[in-house]
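**Q** Just dropping this structure here.
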Amino acid sequence: MRTATLILLCVRVFGAGLAQFPGGRSEKCLCRGKLIQSVRIKRIQKLEVYPNSVFCAKTEIIATMKNGKKKCLNPEGKLGKRFLMRKRLEEQQKPKGGLARKNKNNSNP
């Protein structure tokens with residue numbers, strides 16, 4: 001009796017959580033507020049891309065400004081599209097494979 005009650009309780013709790021979001025995804029996106037369309041490139045210290053995942057169904061671009069503030073760029077905006085295209089090109093140009101091979105002639109005495 002206790003096992004059946006515990007199983008029923010678990011199904012209700014987890015089922016209610018999954019039904020809350022479309023597709024059963026739990027939306028825990030980093031960018032929740034307003035997405036900015038553009039920003040001065042000189043003010044950006046670092047750009048980070050978070051592709052869509054099980055936690056967030058959207059691609060997110062976060063710009064860390066030189067003053068330390070973080071702003072979310074719209075991936076559909078002009079700057080966001082340009083940055084994503086540049087990122088894809090860099091990934092395609094990276095050499096495929098793992099670690100570099102060691103030279104057999106180099107041996108430590």
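**Q** Once you charge only the Cβ atoms, +1 for Lys and Arg and -1 for Asp and Glu, what is the size of the charge dipole of segment 41-92 about its Cα centre, to the nearest 20 debye? Please report the intermediate quantities before stating the final value.
**A** On the way: 14 positive and 5 negative charges, 80 e Å.
The calculated dipole for segment 41-92 is roughly 380 debye.
**Q** Now a separate question. With a Förster radius of 41 Å, plug the Cβ-Cβ distance of Arg2 and Ser53 into 1/(1 + (r/R0)^6) and report the FRET value to the nearest 0.05.
**A** Values: r = 37 Å, r/R0 = 0.91.
Working from the Cβ atoms, E equals 0.65.
**Q** Once Lys and Arg get +1 and Asp and Glu get -1 on their Cβ, which of Ala57, Gly80, Asn67 lies farthest toward the positive end of the dipole of segment 41-92?
**A** Going by the charge dipole, the pick is Asn67.
Since every read-out is calculated from the coordinates, none of them should be taken as a lab result. What you are looking at is a predicted structure, and each value in this text was computed from that prediction instead of being measured. Don't worry about glycine lacking a Cβ; one is built from the backbone with ideal geometry, like all the others, and counts go over all protein chains shown.
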